[in-house]
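The values are calculated or read from the model by the stated rules, or taken from the named source; none is laboratory data. For clarity, every value in this text was computed on a predicted model and none was experimentally measured. Cβ coordinates were reconstructed from backbone atoms using ideal geometry, including for glycine residues, and neighbour counts include every protein chain displayed. Note: areas computed on protein heavy atoms with side chains; ligands, DNA, RNA excluded. Shrake-Rupley method; radii C 1.70, N 1.55, O 1.52, S 1.80 Å.
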Amino acid sequence: MFQFLFKRPGDKPGATSAGKARQPDPAATLATSATSATSAGSQRVLQAEKVKQLAGDEAAAADFILQCDFSELRLAAAEFVHTPAQLERVHAAIRNTDRRVAKLMQLRLDAIRHHQAELQRGQACLDQARQLLADEKLTPNQVAELDRRWAVIAAPELVGEFDLARSALSRRLEAQVTLQRGVIDSLTALRKLAASALPAAEVTALLEQMGAFHAAALSAPEHASLPRHLLAEFGAEHARLDAGIGALEQGEAAFASGEALLAGWQAQAPATLNADAIKKEWDKLPPWPAGDAAAGLQQRFDALLASVPQEVRKPKEARPHESRGKGPAAPGADQHFLDELGAMEVALEQGSLGSAAEHDKALKDSRGVRLTALQSERLAHARGELKRLSDWARWGGNVSREELIKAVEDLTTQSLAMGELARKVGSMRERWKALDTLSGAAPKSLWERFDAACSAAYAPAAAHFKHLADERHTNAAKAHALVQEANEQAAGMNGNDGVDWKHMAATVQRLRLGWSHLGAIDRKEKKRLDQQFADALNILQAPLEQQRQSEVAHREQLIEQVVALDAADRHALDVVRAVQERWQELARALPLERKAEQAMWHRFRAACDAVFAKRKENAHAADTERRAHQAAKEAISARLEALGSAPSRTSLDAAAVARLLREAGAEWQAIGPVPRAAEAKVDKRYQAAIAAVEQQANNVRRAAGAAQASALRDKLRLCQRIEAALLEPSDEGEDRDGADWDARWAALPALPGDYEAVLEARFKAAQAARAGQRAAYVRLLEQNRPTLLQEVLRLEIAAGIDSGSEFARERLKLQVDVLQSSLKSGHKPLNQAAQFRQLCAMPALVDDRTASRIDKLLASAGKDIGKDIGKDPR
């Protein structure tokens, strides 16, 4: 199944099938493994040398990777593969066999693709820069956006070309700034020239110079970047100054004529002059521009007129130059008329044509006023100036109207919100009306163009507003339907006791939601419908709110019930679950208002969480206490285990073991419960430790019993030997044993309890018989032999030891006698230890067979004998 993992790129399909058909023989494989192991090292060295020769030959490196059997050599050769074609080739062939090489190839392919993507983005930015260079209307915003796009691109190959294009764009922007600054400076110079008092020739020369500069600016490569309002203002100002040059020349000619006439009069003697004549000639001169020279000339004339002899002069009349806005009122005009005329002249000087026209209209309404010649001339001059300025304003107004039409036509190409579009069209119409007020009525053709452009621009807004109006009518119909439904629900609830409060709450919520989603309605109708819907909804909500108040009280009781719970009570969780189920039933029966529902739910959940947290805290404390109990019990078990695993010692008697076990049991019972999960394990360990201690004590007792039984056997044998020695002649016994019986007795360990006294008395009796009445003691020994045999047989019966075939009859008879005796007397027979003590105390001769039987009895009953020996005789 996984054989494809081991397939080499150079393998042929037939080779795999042939390999499957011919499975190698295991014996042959074992035979060739040694050869393969020795040749692998040489192949590795050869291929390593070949890797060193692959530098610069990428195709050979790729072929080597596909044929090499050593992963580290393939990785070393992969360092020479860099072109996409070879990388794709190696990655496709090696991705399932060598993950390191495949990952390296993939990383390089990803790096190449990323670099290509960066180059494509960089080329797009470069193309955009070239398009901007070719665009006539280059703006700084476009260049800034280009810079932002280029800032996140890493394409070192295109940096030089982009820098060249960016430098060209910077030069164009600098040229635009320079050109715009030049036009602004020219406009400022024009305005200063209009306010200056230069001669007409200089003004004409400067106008021609500025006109040439303006023409050069309009023909400059960056002329498309010039703002239209600057060009319009410059053209209007230049045209106004050009038109005013003729009047300026006329004023200069009049000034020259007045200066020449005044010079002729000053050359004559004052007595020869006629004041009235020179005054009339002076008044006939046309007006000249105001200024310091004109004021000086007028002062010279006034001085000349004052030098004429008094008798020759007649009363001086006001000249037109003296009565312009500040001279005394003529007898033919009242002060109100003169004030209006002065205000009109002031408005004309300030360029306020609207105010000047209103003052002119007020002057026209002042009928029946007879003006003097000077007043008439002053009024005619003011109205002429008003007409001239109005003509200029009309020309400028038509230019402004053309721009206004262009701006309205451009609105159709802009993606504006409908409200903003309507405001812009409205403001355009207001500006048109303002132009009509300032510069007079527009030609009909311009008005028709403007009106058509406004209608076309406003068409989407009109359609949008019509759609909104239709929506308002539709929403009003929906509102009527909701009000009607609310009234029907309210009528259906009256007189009906079985109200489905959940359905009623859902209905009120649905009606509210539907009303909030209605959308826009006409204001007048919206106010009326809101009142109707509120009245109908109040009828529905009044009983619903009462029911909800009762539900709130019920839920408050549930919260108080949970708060009053004792977390330590074992039934607390059952009560909490029951209350939670009741809460869910109430919530399903009648949902409250969302805010009230959420607030009460949070309180209820907090109360339940407090109960759970308290129980968790108690459980944690109990668990901590149980773990402490477990540690204490584990310590007891460990102490008992240490005692049970200690080496056997004879000092560990039954009393000490019993005392230790009692103390451990009392301590164990005093400790509280342990965790339930570890209870069985802890108890099992404790019982095992107790069993080990008891086993250890039993082993000690058994070993002590065995030792005591052995000592008993040795002393009993010594007694039997000394008694047997009494049968021998005295001379022979003394020669063989000597006087070492006492030493041999002293060499044996003492027996505790009655056995030592019994055997010592028997041994001393034998010793006394050796020294004294030997024959009598021998007769006693002979007499006790049948009794001894009887006791041995009795002990064998009690121990369940076979006595041999020769004693079968006696054994059976003894068993019957013992049974009958116990039945007749009712006394309990002696125990085995007492019988052994009786046997030990009985001096009797024994043969080898009897001694062997006694040894067997001692070996069988060693435990009981050890217990009896270990008793304190007190």
The size of the Cβ-based charge dipole (Lys, Arg +1; Asp, Glu -1) of the range 69-196 about the Cα centre, to the nearest 20 debye, is 360
A 1.4 Å probe over the protein heavy atoms gives the range 530-576 a carbon and sulfur accessible-area percentage of 49
Expected field for R378, accessible surface area in Å² at 1.4 Å probe radius, rounded to 10, holds 30
Output ordering of 143-151, 397-405 (per-residue mean of other Cβ within 10 Å, highest first) is 397-405, 143-151
Along the dipole axis of the range 104-160 (charges at Cβ: +1 for Lys and Arg, -1 for Asp and Glu; origin at the Cα centre), the most positive-end residue among Q128, P140, W150 is W150
Taking r as the C-beta separation of D135 and A60 and R0 as 35 Å, the FRET efficiency to the nearest 0.05 is 0.10
Filtered hits (aspartates and glutamates, Cα-Cα < 15 Å from K50, offset >= 8 within chain) -> E58, D63, D69, E72, E79
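Using a 1.4 angstrom probe, figure out how much accessible area the range 529-591 has per residue, in square angstrom, rounded to the nearest whole. Before the final figure, lay out the partial values.
Details: 3520 Å² over 63 residues.
Per-residue value: 56 Å².
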To the nearest Å², the heavy-atom accessible area per residue of the range 350-411 with 1.4 Å probe amounts to 57
Simple spin-label estimate for L46/R627, 7 Å along Cα→Cβ, in nm, reads 6.8
Any chymotrypsin sites (Phe, Trp or Tyr not before Pro) in the range 45-123 that lie in a DSSP loop and have at most 16 other Cβ atoms within 10 Å would be F70
In nm, the gap between the two label points placed 7 Å beyond Cα toward Cβ at R181 and V552 is 7.4
Surpassing 26 Å at the alpha-carbon level, of the pairs K387/K433; K614/K684; K192/K424; K387/K444; K444/K466, are K614/K684; K192/K424; K444/K466
Expected unfolding gain across D522-R240 under the 0.36 nm per residue rule, minus the alpha-carbon gap, is 96.2 nm
Ranking H517, V483, M428 by how far each Cα lies towards the positive end of the charge dipole of the range 367-524 (+1 on Lys and Arg Cβ, -1 on Asp and Glu Cβ), the top one is M428
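Once you have the Cα-Cα distance between S167 and D147, take 0.36 nm times their residue separation minus that, and quote the gain in nm to one decimal. Each step should come with its number before you reach the end.
Numbers: separation 20, 0.36 × 20 = 7.20 nm, distance 1.19 nm.
Gain in length upon complete extension: 6.0 nm.
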Reported to the nearest 10 Å², D535 has, with a 1.4 Å probe, an accessible area equal to 70
Share of accessible surface on carbon and sulfur in the range 119-174, whole %, 1.4 Å probe and ligands ignored, is 54
Lys and Arg at +1, Asp and Glu at -1: neighbours of A189 with Cβ under 15 Å from its Cβ sum to -2
Full extension between H620 and D569 adds, at 0.36 nm per residue less the Cα distance, a length in nm of 16.8 nm
For K280, counting only aspartates and glutamates whose alpha-carbon sits under 19 Å away and dropping same-chain residues fewer than eight positions off, the answer is E259, D302, E311, E317, E322, E377
